[in-house]
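Working notes, structure below.
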Amino acid sequence: MIATLLSGDAPRSRVLSLLLLAVLVCLALAPFLFPGTRSLDTAARICVFILLVASYDLLLGYGGIVSFAHTMFFGMGAYGVALSCEYLGRSWGALAFGIGAGSVAAIAAAFLIGLFSLRVRAIFFAMITLAVASAVAVLVSQLSQITGGEDGLNYQIPRALTPAFKFMDEPVFGVRMNGKLLNYYVVLAGSLVGVLFLLRVVNSPFGRVLQAIRENDFRAEAIGYRVVQYRVAATCLSAAIAAFAGALYAIWLRYVGPSTVLSMEIMLDILLMVVIGGMGTIYGAVLGATLFVVAQNYLQELMGLAAGAFEGLPILPALLSPDRWLLWLGLLFILSVYFFPTGIVGRLRDGR
Amino acid sequence: MTHEILTTHDLTVRFGGHVAVDHVTCAFRTGELTAIVGPNGAGKTTYFNLISGQIPAFEGRVMLAGRDVTRASVSARCHAGVGRAFQLTNLFPDLTVLENVRLVIQSKARRGFSILSTAASQVALTERAEAVLDRVRLTAQAGQKVSALSHGNQRKLEVALLIALDPLVYMFDEPTAGMSVDEAPVVLDLIAELKAQKDRTILLVEHKMDVIRTLADRIIVLHNGALAADGAPAEVMASDVVQEAYMGRDLAELGA
């Protein structure tokens with residue numbers, strides 16, 4: 001049963017299995033284990049980024065295709081939900097339409113970019129995605145009548161997914177049974193299903209062809225695979241899932257803006273998460289995204305505490321000041337790439 | 001005369017000013033094993049590249065089973081029946097031996113785009129892949145990554161991919177290059193088996209004259225990209241022109 005769900009691709013390392021299980025349990029029980037708005041927000045962000053990073057892993061780790069447009073697809077999903085809820089009104093239909101429209105737009109964009117640039121060299125695709133993604137980001141902030149520009153959009157989602165909706169009067173284990181809780185589980189379920197689907201895709205015949213193309217596209221063509229078609233298909237699939245992750249994010253936040261879903265910074269974060277976790281494993285996305293989002297949210301706090309503890313000593317408090325958190329994150333990244341070039345998952349699998 | 005499955009008409013390609021393959025017109029018949037010989041740089045591998053489509057032709061045509069495939073892509077020609085084993089080992093290094101072969105079987109079954117079933121669950125395809133590995137004696141290595149294989153075993157796998165494809169036209173480019181004396185017979189026996197089947201066309205680029213002597217039904221000689229001789233082995237070997245001008249000692253040895 002579990003093997004079927006995981007598509008026969010077991011974690012293949014005891015430590016890795018335990019870590020993945022820990023992440024799953026923590027996310028599943030997050031509202032009860034870590035009460036508070038902020039920790040729930042972090043948990044939801046982790047869910048969304050796991051799916052987003054896993055979809056990027058399909059492209060980079062399995063297909064060997066470098067894209068800088070992944071946040072664009074993510075943003076298309078998010079803006080799909082936002083625009084649809086803003087202009088079609090507050091209903092489940094509008095929400096579903098938004099998810100669908102965002103995904104279709106992402107697939108169409110991926111198809112066009114892929115068709116025109118993947119027949120040439122892989123590096124050309126990377127350049128084109130960079131250009132198109134920047135152009136779209138500019139376009140979204142310029143079209144402020146429609147998209148809200150830099151300010152973004154606040155919109156209404158169905159009431160059942162908002163804090164105003166209470167489906168039980170009494171709190172359970174001190175947690176209020178409201179729409180926000182439901183909303184969190186929608187995000188978690190969406191992410192879980194998405195990751196399991198990706199795991200199936202990478203272990204399917206199609207996934208094997210992608211790996212073959214990554215390893216040796218010349219031979220893949222010679223044994224009868226039309227390399228361009230497979231690369232375009234992988235790009236479209238990956239874009240669709242990224243858009244779905246974006247839609248989940250938009251449902252959670254009830255707000256979208258260029259800096260939350262379209263910025264180049266997020267693109268770099270995705271790259272870091274997939275590399276830290278381990279490319280070409282899908283499981284790497286789970287660990288990479290979890291670690292990264294937690295670090296992003298709590299490293300500053302931890303450093304504030306540390307700086308306080310070392311107060312009075314020379315230099316240390318200055319180095320540990322919360323303002324330096326990016327420095328430490330950078331250092332962590334360099335160390336992890338240096339010591340785990342195959343990512344956490346690769347390291348754990350080798351060391352079994 | 002048996003059926004002509006593959007023909008090239010005036011097939012030509014130039015690299016800059018250099019004519020690598022020069023108006024080669026030649027027909028290959030089903031059931032026949034043709035050895036392609038010639039000095040290094042004579043255009044043997046380039047001729048192969050033109051037939052299997054890695055290099056587009058400047059002039060001339062390639063006909064496969066009555067169809068003009070001159071403009072067809074490499075993968076389309078593969079499905080039309082041209083299969084190729086490469087001179088330099090050309091595999092998927094990070095995948096296992098079994099996956100390498102299964103990818104070929106899967107391509108032949110046109111299952112590459114199915115995404116909802118796992119590759120491992122396609123038992124029929126896996127069994128066919130295992131049978132191919134058995135034929136090249138690589139069963140014990142099935143679960144190993146290709147990058148961990150010895151050179152000899154990589155050469156065997158290179159041939160195994162072609163066997164798995166089972167095309168109408170088999171093209172071997174120095175299949176035993178760099179193999180040890182006890183490994184090479186495995187590959188040569190397989191080629192002999194294919195020949196004995198009588199329903200496949202085999203093109204073989206080979207330098208080892210003893211191999212050609214045992215296997216070839218026919219020899220064509222390329223020199224400076226042009227067809228210098230074509231005929232039964234004894235005939236070609238005996239030809240003075242070929243011996244002196246084109247092949248030097250190699251072919252003299254062959255005749256001996």
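Just checking, how many residues over region A:208-222 are more than 7 Å from every other protein chain (Cβ to nearest Cβ) and either among the β-branched types (Val, Ile, Thr) or within 25 Å of the chain's Cα centre (by Cα) (or both)?
The total comes to 3.
Report every pair of residues separated by at least 6 positions or lying on different chains whose Cβ atoms are under 6 Å apart, first residue within region A:255-269 and in contact (Cβ under 8 Å) with a residue 24 or more places away in the chain and buried (at least 21 other Cβ atoms within 10 Å of the Cβ), second aromatic (Phe, Trp, Tyr) and assigned to a helix (DSSP H, G or I).
Short answer, once both residue conditions are applied: A:256/A:79; A:261/A:74.
Every residue, every condition in (1) buried (at least 21 other Cβ atoms within 10 Å of the Cβ); (2) in contact (Cβ under 8 Å) with a residue 12 or more places away in the chain; (3) assigned to a helix (DSSP H, G or I), yes or no:
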site	(1), (2), (3)
A:206	yes, yes, yes
A:218	no, no, yes
A:228	no, yes, yes
A:231	yes, yes, yes
A:242	yes, yes, yes
A:251	yes, yes, yes
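Determine which member of the set B:152, B:178 is more than 13 Å from chain A (Cβ to nearest Cβ), touching a Ser or Thr at 6+ places or on another chain (Cβ under 6 Å) and surrounded by fewer than 22 Cβ atoms within 10 Å (Cβ to Cβ).
The match here is B:152.
Check whether at least one residue in region A:139-156 is under 22 Å from the mean Cα position of the chain (by Cα), closer than 21 Å to residue A:107 by Cβ and in contact (Cβ under 8 Å) with a residue 12 or more places away in the chain, and report yes or no.
Looking through region A:139-156, at least one residue is under 22 Å from the mean Cα position of the chain (by Cα), closer than 21 Å to residue A:107 by Cβ and in contact (Cβ under 8 Å) with a residue 12 or more places away in the chain.
Among the residues that make up region A:129-146, is at least one of them within 14 Å of chain B (Cβ to nearest Cβ), crowded, with 16+ Cβ neighbours inside 10 Å, farther than 28 Å from residue A:95 by Cβ and in contact with a helix residue (DSSP H, G or I) (Cβ under 8 Å, 6 or more places away or on another chain)?
No, every residue in region A:129-146 fails to be within 14 Å of chain B (Cβ to nearest Cβ), crowded, with 16+ Cβ neighbours inside 10 Å, farther than 28 Å from residue A:95 by Cβ and in contact with a helix residue (DSSP H, G or I) (Cβ under 8 Å, 6 or more places away or on another chain).
Of all residues in region A:54-100 being over 23 Å from residue A:230 (Cα atoms) and among the charged types (D, E, K, R), which is surrounded by the fewest Cβ atoms within 10 Å (Cβ to Cβ)?
This residue is A:90.
Based on this model, can you work out whether residue B:109 counts as aliphatic (A, V, I, L, M), more than 8 Å from chain A (Cβ to nearest Cβ) and either touching a residue at least 12 places away in the same chain (Cβ under 8 Å) or under 30 Å from residue B:223 (Cα atoms) (or both)?
yes
Please tell me if residue B:77 is surrounded by 20 or more Cβ atoms within 10 Å (Cβ to Cβ), farther than 28 Å from residue B:184 by Cβ and more than 8 Å from chain A (Cβ to nearest Cβ).
On the way: surrounded by 20 or more Cβ atoms within 10 Å (Cβ to Cβ): yes; farther than 28 Å from residue B:184 by Cβ: yes; more than 8 Å from chain A (Cβ to nearest Cβ): yes.
Judged against the criteria, residue B:77 is a match.
Looking for something over 29 Å from residue A:23 (Cα atoms) and hydroxyl-bearing (Ser, Thr, Tyr) - is there at least one such residue anywhere in region A:64-85?
yes
Would region B:12-19 turn up any residue that is more than 28 Å from residue A:9 (Cβ to Cβ), in contact (Cβ under 8 Å) with a residue 40 or more places away in the chain and within 14 Å of chain A (Cβ to nearest Cβ)?
no
Name the residues in region B:113-128 that are of a type outside the set (Val, Ile, Thr), within 13 Å of another protein chain (Cβ to nearest Cβ) and assigned to a helix (DSSP H, G or I), would you?
Within region B:113-128, B:119, B:120, B:121, B:124, B:125 meet the criteria.
Can you confirm whether region B:25-47 contains a residue that is part of a helix (DSSP H, G or I) and under 30 Å from residue B:139 (Cβ atoms)?
No: region B:25-47 contains no residue that is part of a helix (DSSP H, G or I) and under 30 Å from residue B:139 (Cβ atoms).
Quickly run through region B:129-144 and pick out the residues that are more than 21 Å from residue A:210 (Cα to Cα) and not in a loop (DSSP other than H, G, I, E, B). Full working, then the answer.
Residues of region B:129-144 more than 21 Å from residue A:210 (Cα to Cα): B:130-141.
Selection gives B:130, B:131, B:132, B:133, B:134, B:135, B:139, B:140, B:141.
Here is a list of conditions, (1) away from chain A (no Cβ under 11 Å); (2) touching a residue at least 40 places away in the same chain (Cβ under 8 Å); (3) surrounded by fewer than 23 Cβ atoms within 10 Å (Cβ to Cβ), and residue B:160 meets all of them except one; can you say which number that is?
With (1) away from chain A (no Cβ under 11 Å); (2) touching a residue at least 40 places away in the same chain (Cβ under 8 Å); (3) surrounded by fewer than 23 Cβ atoms within 10 Å (Cβ to Cβ) applied to residue B:160, the lone miss is (3).
Only one residue in A:248, A:237 is at pLDDT 95 or above and within 12 Å of chain B (Cβ to nearest Cβ), so which one is that?
Among A:248, A:237, only A:237 is at pLDDT 95 or above and within 12 Å of chain B (Cβ to nearest Cβ).
From the list A:50, A:65, A:123, exactly one residue is part of a helix (DSSP H, G or I) and in contact with a helix residue (DSSP H, G or I) (Cβ under 7 Å, 6 or more places away or on another chain). Which is it?
Every option except A:50 fails the conditions.
Filter region B:233-246 for residues that are of a type in the set (A, V, I, L, M, F, W, C) and out of contact with any strand residue (DSSP E or B) (no Cβ under 6 Å at 6 or more places or on another chain); which is modelled with the lowest pLDDT?
The extreme case among them is B:245.
Would you confirm whether any residue within region A:22-40 is touching a residue at least 12 places away in the same chain (Cβ under 8 Å), over 18 Å from residue A:157 (Cα atoms) and among the hydroxyl-bearing types (Ser, Thr, Tyr)?
No, region A:22-40 has no match at all.
Just checking, how many residues over region A:161-204 are touching a strand residue (DSSP E or B) at 6+ places or on another chain (Cβ under 6 Å) and buried (at least 22 other Cβ atoms within 10 Å of the Cβ)?
The total comes to 0.
Search region B:82-101 for residues being out of contact with any Asp or Glu (no Cβ under 9 Å at 6 or more places or on another chain) and buried (at least 20 other Cβ atoms within 10 Å of the Cβ), and hand back the single one that is farthest from the other protein chains (Cβ to nearest Cβ).
Ranking the candidates gives B:97 first.
The values are calculated or read from the model by the stated rules, or taken from the named source; none is laboratory data. Bear in mind that the values here come from a model prediction, so they are computed numbers and not experimental data. Virtual Cβ from ideal backbone geometry, glycine too; neighbours counted across all protein chains shown.
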